[in-house]
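Enquirer: Here it is, the structure, as structure tokens.
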Amino acid sequence: MIEFEGVSFTHPNGVLALDNVDLRIEKGETLAIVGENGAGKTTLVRHVTGLLKPAKGRVSVDGVDTRTTTTATLSRKVGVAFQNPDHQLFSESVEAEMAFALKNFGFEPDVVAKRVSWGLQTFGLEEYRGSSPLILSGGEKKRLTLACILAWDPDAVILDEPTVGQDALQKERLAGTVRMLGAAGKTVVIVSHDIEFLWPMQPRVVVMKSGRIVADGPAAEVMQRREALDSARVAQPQLVAFGQELGAKPERPFVDALGARRFIEGRRP
Amino acid sequence: MTSILEIESFGFRYANAPRNAVADFSLEVTEGSILVLAGPSGCGKSTLLRAVNGLIPHMYNGDYSGDVKVAGRSVKGSEMRELAQTVGFLFQNPENQIFMFSVERDVAFGLENLGVPHDEIRSRVDEAMELLGIASLAKRAPHELSDGQKQRVALAGVLAMRPKLVILDEPTSLLDPRTAKELVELVARLRKELGTTFLIVEHRLELLVEVADKMVVMSGGRKVLDGSPQEVLMGDLAEGYGVAVPAVTKLQKMLAGDGLVRGDRMMTGTELAKTISQAGH
Ligand SMILES: Nc1ncnc2c1ncn2[C@@H]1O[C@H](COP(=O)(O)OP(=O)(O)O)[C@@H](O)[C@H]1O
Ligand SMILES: Nc1ncnc2c1ncn2[C@@H]1O[C@H](COP(=O)(O)OP(=O)(O)O)[C@@H](O)[C@H]1O
Ligand SMILES: [Mg+2]
Ligand SMILES: [Mg+2]
């Protein structure tokens, strides 16, 4: 549903941030984009809703070229929670912030009210309903932007560094939300260098380096490729490295600590 | 050993807030140590840091109780200007901190504000840039730098003030794992070379386990755990308080419960794999 064909982009200061990128993201897929700071991940994401237009090549959503439509139209289909929530929050209250896009997209007032309540509850923000978004902590702001987007129920969501400022429990909840979205048939793209967060979800993994895609495949396969990851300065999940040292079968990596424990107990004499 | 920071039953409620952001919090930090502060978001970590660098009570209104002393002087009774010479603060997002036309102007900014003589500024700025390995970036525009480089520029600006205590609020959250590790190594080196004390709020604890002397966990504005990183992470309570226990440590705890490996000292993945292989499992 989201497709990049030979896309290149140079920032005004001359930095080539995307270099001939080909990427096809299917409907319903959960995809992780990883890579070191400056690899071009955010630049890629900004192309999906047409905030940036490719200098070369083509970006399309459901077959529609981003150059021929508006960011508002594209946002209805693809909700993006940006890396820096400060650039996305501007209403006088948390409640108004959540209602803003819903109203713009023409939802009925009673639907708006229901969805606002759903979002505030699901993301633990109920107590801030009447507060200014500005007093929220960084992690709370990130959850608010995500709640706002999910409220209008787009087909695809893109989360740029969603775990920044989130503690372990919230990350677990976030992983649960991602799984729920996947189960509901949504397309989910997660941009993150938090490998430990991504690994248990076993997404398709795209590795970026200097504006190029240098690896693309299932997590279980890509995360075994230590050299490719090293050259892109991406860390290997702890349990994958551990499994390799232990000589576990690479095609059945340890997804979580319980899996590793089962393997070890199975080998006991 | 002398204390650089003494927090005595500190509590704070922001004006208009329904309840305290921090309550009855006490802590002593030894000069030259590295302390990590962890806990769920909203538990009061940033509030506590603001009480150390003076933003609370000097810039935020609210109900203040207890006392916070830096280098023996009460923060309440000190001016922000004085505090700035003892306590350095690195914001979570370096973009909030660097804004000049060149890296060296940015590093010099705090010193210029204090009215330090020109020659002194020059030598301190050069020294800080040297220390952080950014001397070659001196004339570059900060907004052209990578996030890791920006972080270093901001930290150089902090260190140029020669603070005794440096506060880092989630310093690695914007950094990729390699760059984050480099920052942590840098902190360890600065502590050793300059004897600087570091107070660090961080969620990615696996990075800090080896360099931190002490770990404090907060929940609901209160201190709930306090010990060495080993004690806190290998203990039974950390996960319940929302502390991110590394996957390999979780596994070690399970295996220790099964009687396969030791449970008193945290191991790296490599050590754990070796131990298990040697034991013939
Ligand atoms: N607004 C901008 N102006 C100029 N250069 C930029 C801008 N945004 C990003 N860049 C540069 O483009 C490259 C890719 O950045 P980005 O897409 O933000 O990477 P990532 O999200 O992977 O960290 C980097 O070299 C970065 O410095
Ligand atoms: N400026 C402020 N005004 C009112 N309440 C605030 C302000 N800053 C933080 N809070 C509230 O204080 C509590 C602790 O927040 P904070 O210290 O930022 O936590 P942490 O840094 O652990 O995420 C939270 O409930 C937060 O909403
Ligand atoms: Mg980015
Ligand atoms: Mg905080």
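The values are calculated or read from the model by the stated rules, or taken from the named source; none is laboratory data. Values in this document were obtained by computation on a predicted structure and should not be read as measured data. Cβ atoms come from the backbone with ideal geometry, glycine included; neighbour counts cover every protein chain shown. In case anyone asks, the SASA skips ligands and DNA or RNA and just uses the protein heavy atoms, side chains included. Shrake-Rupley method; radii C 1.70, N 1.55, O 1.52, S 1.80 Å.
Enquirer: Does A:SER60 satisfy the condition of being over 28 Å from B:HIS143 (Cα atoms), away from ligand 1 (no atom under 16 Å from the Cβ) and within 14 Å of another protein chain (Cβ to nearest Cβ)?
Expert: No.
Enquirer: Okay, next question. From the list B:SER41, B:SER33, which one is small (Gly, Ala, Ser), under 19 Å from B:GLY227 (Cβ atoms) and either crowded, with 16+ Cβ neighbours inside 10 Å or within 16 Å of ligand 1 (Cβ to nearest atom) (or both)?
Expert: B:SER33
Enquirer: Does B:GLN85 count as at pLDDT 85 or above and either within 14 Å of another protein chain (Cβ to nearest Cβ) or open to solvent by 30 Å² or more (accessible area, probe 1.4 Å) (or both)? Can you show your working first?
Expert: Numbers: at pLDDT 85 or above: yes; either within 14 Å of another protein chain (Cβ to nearest Cβ) or open to solvent by 30 Å² or more (accessible area, probe 1.4 Å) (or both): yes.
Answer is yes for this residue.
Enquirer: With the structure loaded, tell me whether A:GLY138 is within 14 Å of B:GLY42 (Cα to Cα) and surrounded by fewer than 22 Cβ atoms within 10 Å (Cβ to Cβ) or whether it fails that test. Walk me through it before giving the result.
Expert: Values: within 14 Å of B:GLY42 (Cα to Cα): yes; surrounded by fewer than 22 Cβ atoms within 10 Å (Cβ to Cβ): yes.
When the stated conditions are applied, A:GLY138 passes them.
Enquirer: Just for region A:30-44: of the residues that are part of a strand (DSSP E or B) and open to solvent by less than 10 Å² (accessible area, probe 1.4 Å), which one is nearest to ligand 3 (Cβ to nearest atom)?
Expert: Residues of region A:30-44 part of a strand (DSSP E or B): A:30-34.
Next, from what is left, pick out any that are open to solvent by less than 10 Å² (accessible area, probe 1.4 Å): A:31-34.
Numbers: A:LEU31: 16, A:ALA32: 13, A:ILE33: 9, A:VAL34: 11 Å.
Going through the qualifying residues, I end up with A:ILE33.
Enquirer: Any residue at all in region B:54-66 that is closer than 17 Å to B:ILE167 by Cβ, more than 15 Å from ligand 4 (Cβ to nearest atom), in a strand (DSSP E or B) and open to solvent by 10 Å² or more (accessible area, probe 1.4 Å)?
Expert: For region B:54-66, residues closer than 17 Å to B:ILE167 by Cβ, more than 15 Å from ligand 4 (Cβ to nearest atom), in a strand (DSSP E or B) and open to solvent by 10 Å² or more (accessible area, probe 1.4 Å): absent.
Enquirer: For region A:246-264, name all the residues that are at pLDDT below 90 and within 7 Å of another protein chain (Cβ to nearest Cβ).
Expert: Selection gives A:LEU246, A:ILE264.
Enquirer: Among residues belonging to region B:226-244 that are within 14 Å of chain A (Cβ to nearest Cβ) and under 14 Å from B:LEU37 (Cα atoms), point out the one that is surrounded by the most Cβ atoms within 10 Å (Cβ to Cβ).
Expert: B:LEU233
Enquirer: Working only within region B:261-273, note down all residues that are facing chain A (nearest Cβ under 7 Å) and surrounded by fewer than 20 Cβ atoms within 10 Å (Cβ to Cβ). Steps first, answer last, please.
Expert: Here is the first cut: in region B:261-273, the residues facing chain A (nearest Cβ under 7 Å) are B:269-270, B:272-273.
B:THR270 - this is the single residue of region B:261-273 that is facing chain A (nearest Cβ under 7 Å) and surrounded by fewer than 20 Cβ atoms within 10 Å (Cβ to Cβ).
Enquirer: Something else now. Can you list residue pairs whose Cβ atoms sit under 8 Å apart, with the first residue in region B:215-236 being hydroxyl-bearing (Ser, Thr, Tyr) and the second being assigned to a strand (DSSP E or B)? Count only pairs 6 or more apart in sequence or on different chains.
Expert: What qualifies is B:SER228/B:LYS214; B:SER228/B:MET215.
Enquirer: Considering (1) open to solvent by less than 30 Å² (accessible area, probe 1.4 Å); (2) within 14 Å of chain B (Cβ to nearest Cβ), say which one A:GLU126 fails and leave the rest.
Expert: In the conditions (1) open to solvent by less than 30 Å² (accessible area, probe 1.4 Å); (2) within 14 Å of chain B (Cβ to nearest Cβ), A:GLU126 misses (1) alone.
Enquirer: Additional query: Here are B:SER219, B:SER277: which of them is in contact with a Pro (Cβ under 7 Å, 6 or more places away or on another chain) and within 11 Å of chain A (Cβ to nearest Cβ)? Give the steps one after another, and end with the answer.
Expert: Details: B:SER277 fails: in contact with a Pro (Cβ under 7 Å, 6 or more places away or on another chain).
Sole residue among the options that is in contact with a Pro (Cβ under 7 Å, 6 or more places away or on another chain) and within 11 Å of chain A (Cβ to nearest Cβ): B:SER219.
Enquirer: Check region A:83-104 and report whether any residue there is within 16 Å of ligand 1 (Cβ to nearest atom), at pLDDT 95 or above, in contact with a strand residue (DSSP E or B) (Cβ under 8 Å, 6 or more places away or on another chain) and of a type outside the set (Gly, Ala, Ser).
Expert: No.
Enquirer: Determine if region B:142-163 includes at least one residue that is within 14 Å of chain A (Cβ to nearest Cβ), at pLDDT 80 or above, open to solvent by less than 20 Å² (accessible area, probe 1.4 Å) and assigned to a loop (DSSP other than H, G, I, E, B).
Expert: Among the residues of region B:142-163, at least one is within 14 Å of chain A (Cβ to nearest Cβ), at pLDDT 80 or above, open to solvent by less than 20 Å² (accessible area, probe 1.4 Å) and assigned to a loop (DSSP other than H, G, I, E, B), which makes the answer yes.
Enquirer: Here is a follow-up. Would you point out the residue of region B:245-255, among those that are of a type outside the set (A, V, I, L, M) and facing chain A (nearest Cβ under 7 Å), that is least open to solvent (accessible area, probe 1.4 Å)? Write out each step before concluding.
Expert: So the first thing to find is which residues in region B:245-255 are of a type outside the set (A, V, I, L, M), and the list is B:246, B:249-250, B:252-253.
Next cut, facing chain A (nearest Cβ under 7 Å) only: B:246, B:250.
Working: B:PRO246: 11, B:LYS250: 72 Å².
Among residues in region B:245-255 that are of a type outside the set (A, V, I, L, M) and facing chain A (nearest Cβ under 7 Å), the one least open to solvent (accessible area, probe 1.4 Å) is B:PRO246.
Enquirer: Answer yes or no as to whether B:VAL184 is within 14 Å of chain A (Cβ to nearest Cβ), in a helix (DSSP H, G or I), within 24 Å of B:ASP226 (Cβ to Cβ) and open to solvent by 10 Å² or more (accessible area, probe 1.4 Å). Before the answer, list the steps.
Expert: Details: within 14 Å of chain A (Cβ to nearest Cβ): yes; in a helix (DSSP H, G or I): yes; within 24 Å of B:ASP226 (Cβ to Cβ): yes; open to solvent by 10 Å² or more (accessible area, probe 1.4 Å): yes.
Spelling it out, B:VAL184 is indeed within 14 Å of chain A (Cβ to nearest Cβ), in a helix (DSSP H, G or I), within 24 Å of B:ASP226 (Cβ to Cβ) and open to solvent by 10 Å² or more (accessible area, probe 1.4 Å).
Enquirer: A follow-up question, please. Could you give every pair whose Cβ atoms fall below 7 Å, whose first residue belongs to region A:18-39 and is under 22 Å from A:ALA183 (Cα atoms) and free of Cβ contacts under 8 Å to residues at least 60 places away in the same chain, and whose second residue is open to solvent by 10 Å² or more (accessible area, probe 1.4 Å) and more than 16 Å from ligand 2 (Cβ to nearest atom), counting only separations of at least 6 or pairs across chains?
Expert: Taking only residues 6 or more apart or on different chains, the pairs are A:ARG24/A:GLU3.
Enquirer: Another question, then. Does any residue in region B:39-50 that is free of Cβ contacts under 8 Å to residues at least 24 places away in the same chain and part of a loop (DSSP other than H, G, I, E, B) come within less than 9 Å, Cβ to Cβ, of a residue that is within 16 Å of ligand 1 (Cβ to nearest atom) and of a type in the set (Val, Ile, Thr) six or more places away or on a different chain, and which pairs are these?
Expert: Between residues of region B:39-50 that are free of Cβ contacts under 8 Å to residues at least 24 places away in the same chain and part of a loop (DSSP other than H, G, I, E, B) and residues that are within 16 Å of ligand 1 (Cβ to nearest atom) and of a type in the set (Val, Ile, Thr), there is no close pair.
Enquirer: Residues that are open to solvent by less than 30 Å² (accessible area, probe 1.4 Å) and modelled with pLDDT under 95: which helices (runs of 4 or more DSSP H) entirely in region A:160-222 hold 3 or more of them?
Expert: Details: elements: A:168-183, A:195-198, A:219-222.
The helices (runs of 4 or more DSSP H) meeting that bar are A:168-183.
Enquirer: Okay, moving on. Those residues that are part of a strand (DSSP E or B) and open to solvent by 10 Å² or more (accessible area, probe 1.4 Å), I need them from region B:214-225; list them, please. Write out each step before concluding.
Expert: Going through region B:214-225, the residues part of a strand (DSSP E or B) turn out to be B:214-219, B:222-225.
B:LYS214, B:SER219, B:ARG222, B:LYS223, B:VAL224, B:LEU225, listed by residue number.
Enquirer: Considering each residue of region A:172-225, count those that are within 16 Å of ligand 1 (Cβ to nearest atom), small (Gly, Ala, Ser) and in contact with a Pro (Cβ under 8 Å, 6 or more places away or on another chain), and give that number.
Expert: Qualifying residue count for the region: 1.
Enquirer: Of the residues that make up region B:50-64, is at least one in contact with a strand residue (DSSP E or B) (Cβ under 9 Å, 6 or more places away or on another chain) and more than 16 Å from ligand 2 (Cβ to nearest atom)?
Expert: Taking region B:50-64 and keeping what is in contact with a strand residue (DSSP E or B) (Cβ under 9 Å, 6 or more places away or on another chain), we get B:50-57, B:60-64.
Then drop every residue that is not more than 16 Å from ligand 2 (Cβ to nearest atom), which leaves none.
No, because not a single residue in region B:50-64 is in contact with a strand residue (DSSP E or B) (Cβ under 9 Å, 6 or more places away or on another chain) and more than 16 Å from ligand 2 (Cβ to nearest atom).
Enquirer: To continue, here is another question. Hey, B:LEU190 hits all of (1) out of contact with any Phe, Trp or Tyr (no Cβ under 9 Å at 6 or more places or on another chain); (2) under 30 Å from B:GLN149 (Cβ atoms) but one; which does it fall short on?
Expert: Result: B:LEU190 fails condition (1) only.
Enquirer: Please work out which residue is nearest to A:GLU26 (Cα to Cα), limiting yourself to region A:63-93 and to residues that are within 16 Å of ligand 3 (Cβ to nearest atom) and away from chain B (no Cβ under 14 Å).
Expert: First, the residues of region A:63-93 that are within 16 Å of ligand 3 (Cβ to nearest atom): A:80-88.
Adding the requirement that they be away from chain B (no Cβ under 14 Å) leaves A:80-81, A:88.
Values: A:VAL80: 17, A:ALA81: 19, A:GLN88: 27 Å.
Per the stated criteria, the residue is A:VAL80.
Enquirer: May I ask you to list the residues in region A:224-243 that are more than 13 Å from every other protein chain (Cβ to nearest Cβ) and among the aliphatic types (A, V, I, L, M)?
Expert: A:ALA228
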